[in-house]
Amino acid sequence: MIPYGRQSINEDDIRAVVNVLRSEFLTQGPAVPAFEKAVAAFCGAENAVVVANATAALHLACLALDLGPGDELWTSPNTFVASANCARYAGAAVDFVDIDPLTLNMDPKELRRKLELRLRTGKALPKVVVPVHFAGQPCDMAAIGALAKEFRFSIIEDASHAVGAHYGGKPVGACVYSDLTIFSFHPVKIVTSGEGGMILTNHSALARRLERLRSHGITRDPALMTEATHGSWYYQQLELGFNYRLPDILAALGHSQFLRLPEMIQRRHEIAARYDRELADLPLQLPSKEPDTVSALHLYVVQLEKTTSAERHRRIFECLREAGIGVNLHYIPVHLQPYYWNLGFREGDFPKAEAYYRRAISLPIYYGLSEADQSRVIAALRKVLT
Ligand SMILES: *Cc1c(COP(=O)(O)O)cnc(C)c1O
């Protein structure tokens with residue numbers, strides 16, 4: 001089976017991990033700050049805080065913004081469940097903003113409409129909005145950032161798909177329009193640390209809080225303590241934190257992989273360009289390209305014709321799987337998950353995300369996808385569609 005995504009590990013990556021295994025620290029050593037510094041420098045962000053995974057990153061980002069009971073977080077229904085679940089961990093409510101059918105990202109016009117409706121009906125506005133750069137294509141951050149100023153909410157960019165993407169000439173992670181940006185280093189994403197996540201921010205106070213929350217809410221900084229230190233062993237727990245640390249073993253892998261980011265992105269663009277060319281004559285909607293952005297191309301999603309029945313969508317998907325093509329579907333709209341149904345969401349609530357779901361198929365795209373395997377994908381798709 002040709003998978004839809006796969007990590008690429010080279011000898012440098014292996015050497016980086018082995019070096020840590022031979023060193024003094026397996027966790028809480030020098031590899032974590034080195035990785036953080038490299039990512040912050042690349043993105044042009046002032047701070048980077050690495051954590052166990054992107055789900056933990058989203059959770060801590062919510063806590064750092066003081067999201068809690070009585071508050072609301074809004075995100076896109078076309079995402080992985082973690083983008084919404086983070087609000088629930090913090091005890092806050094979730095709502096969604098429907099997508100733009102072209103970009104497949106949260107639609108800023110829909111966001112404005114929903115914000116104005118809330119204001120008109122005297123209902124609460126969201127405290128946090130989480131735009132998700134679906135498939136690696138950056139959202140319209142200037143528009144969402146302008147709404148954040150007008151309606152006074154904070155922004156966490158879920159850039160799990162968009163490590164290495166650019167928006168307005170700057171890397172995603174620069175946090176030009178957001179308070180925080182989170183990355184995922186899961187093996188199907190652009191670069192991997194096995195498991196891992198990172199939070200970028202230009203607010204140093206938020207970064208210090210995130211570092212504390214990552215490690216039990218504990219500080220060793222006497223300036224933050226409620227009383228004079230008892231001695232050099234002394235620490236204080238200031239609030240309820242977690243063990244969300246990334247081990248040095250994984251930070252070394254992530255750092256080594258991160259140095260390969262430009263070639264990873266370039267290869268994804270070559271693969272996408274070939275799909276663009278060789279699928280152009282088929283009855284498919286191919287990924288859109290937005291001006292002034294560079295996608296990280298985490299996913300390459302094609303959409304069947306609007307009139308396609310659920311039955312035919314499923315048959316095409318299964319035929320491709322049977323032909324050894326590991327197609328996938330990103331995403332089942334989050335609000336249709338039983339957990340969110342139980343919170344009151346229903347089919348029809350976000351019709352554009354639902355319509356997209358009925359037509360979407362993610363094709364294989366990853367650094368190590370060979371020309372021959374891509375030819376097999378294209379041939380199989382051509383056969384099943386004609
Ligand atoms: C993968 C992913 C996450 C979660 O990442 P983990 O590192 O696996 O926790 C969150 N949001 C989106 C959009 C993702 O694709």
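The values are calculated or read from the model by the stated rules, or taken from the named source; none is laboratory data. Keep in mind that what you see is a predicted model, and the values were worked out from it rather than measured. Cβ: placed from backbone, ideal geometry, glycine included. Neighbour counts: every protein chain shown.
Things worth noting here:
- Residue within segment 54-75 that is in a helix (DSSP H, G or I), in contact with a helix residue (DSSP H, G or I) (Cβ under 9 Å, 6 or more places away or on another chain) and charged (D, E, K, R) present: no
- Breaking point among (1) within 16 Å of the ligand (Cβ to nearest atom); (2) over 14 Å from the mean Cα position of the chain (by Cα); (3) outside any strand (DSSP E or B), for Gln28: (1)
- Any chance Ala48 is in a helix (DSSP H, G or I) and in contact (Cβ under 8 Å) with a residue 40 or more places away in the chain: no
- Residue check, Val81 touching a residue at least 60 places away in the same chain (Cβ under 8 Å) and either within 12 Å of the ligand (Cβ to nearest atom) or surrounded by fewer than 23 Cβ atoms within 10 Å (Cβ to Cβ) (or both): yes
- Flag for His186 being away from the ligand (no atom under 13 Å from the Cβ) and surrounded by fewer than 24 Cβ atoms within 10 Å (Cβ to Cβ): no
- Residue satisfying all of: in segment 112-167; among the basic types (Lys, Arg) and in contact with a strand residue (DSSP E or B) (Cβ under 9 Å, 6 or more places away or on another chain); farthest from Ile182 (Cα to Cα) among these: Lys114
- Subset of segment 213-253 [of a type in the set (Val, Ile, Thr), in a helix (DSSP H, G or I) and farther than 30 Å from Ile14 by Cα]: none
- Candidates in segment 368-380 are the residues that are within 25 Å of Gln7 (Cβ to Cβ) and more than 28 Å from the chain's Cα centre (by Cα); of these, the one that is surrounded by the fewest Cβ atoms within 10 Å (Cβ to Cβ) is Ala372.
- Any chance Leu213 is modelled with pLDDT of 95 or more and farther than 25 Å from Leu26 by Cβ: no
- Matching residues, segment 99-124, being more than 22 Å from Ser288 (Cβ to Cβ) and free of Cβ contacts under 8 Å to residues at least 40 places away in the same chain: Leu115, Glu116, Leu117, Arg118, Leu119, Arg120, Thr121, Gly122, Lys123
- Within the set Ser215, Ser178, Ser204, Ser184, the sole residue that is of a type in the set (Ser, Thr, Tyr) and under 18 Å from Leu259 (Cα atoms) turns out to be Ser184.
- Filter result for Leu60 (away from the ligand (no atom under 16 Å from the Cβ), modelled with pLDDT of 95 or more and buried (at least 21 other Cβ atoms within 10 Å of the Cβ)): no
- Qualifying residue in segment 89-110 (condition: over 29 Å from Arg359 (Cα atoms) and within 13 Å of the ligand (Cβ to nearest atom)): yes
- Per-region count, segment 1-40, residues within 17 Å of Val191 (Cα to Cα) and in contact with a strand residue (DSSP E or B) (Cβ under 9 Å, 6 or more places away or on another chain): 10
- Filtering segment 168-209 to residues that are free of Cβ contacts under 8 Å to residues at least 12 places away in the same chain and either touching a strand residue (DSSP E or B) at 6+ places or on another chain (Cβ under 9 Å) or closer than 19 Å to Ala82 by Cα (or both) leaves only Arg208.
- Residues that are among the charged types (D, E, K, R) and without any contact (Cβ under 8 Å) to a residue 12 or more places away in the chain, drawn from segment 264-288: Glu270, Asp276, Arg277, Asp281
- All positions within segment 190-202 that are buried (at least 24 other Cβ atoms within 10 Å of the Cβ), assigned to a loop (DSSP other than H, G, I, E, B) and within 8 Å of the ligand (Cβ to nearest atom): Gly196
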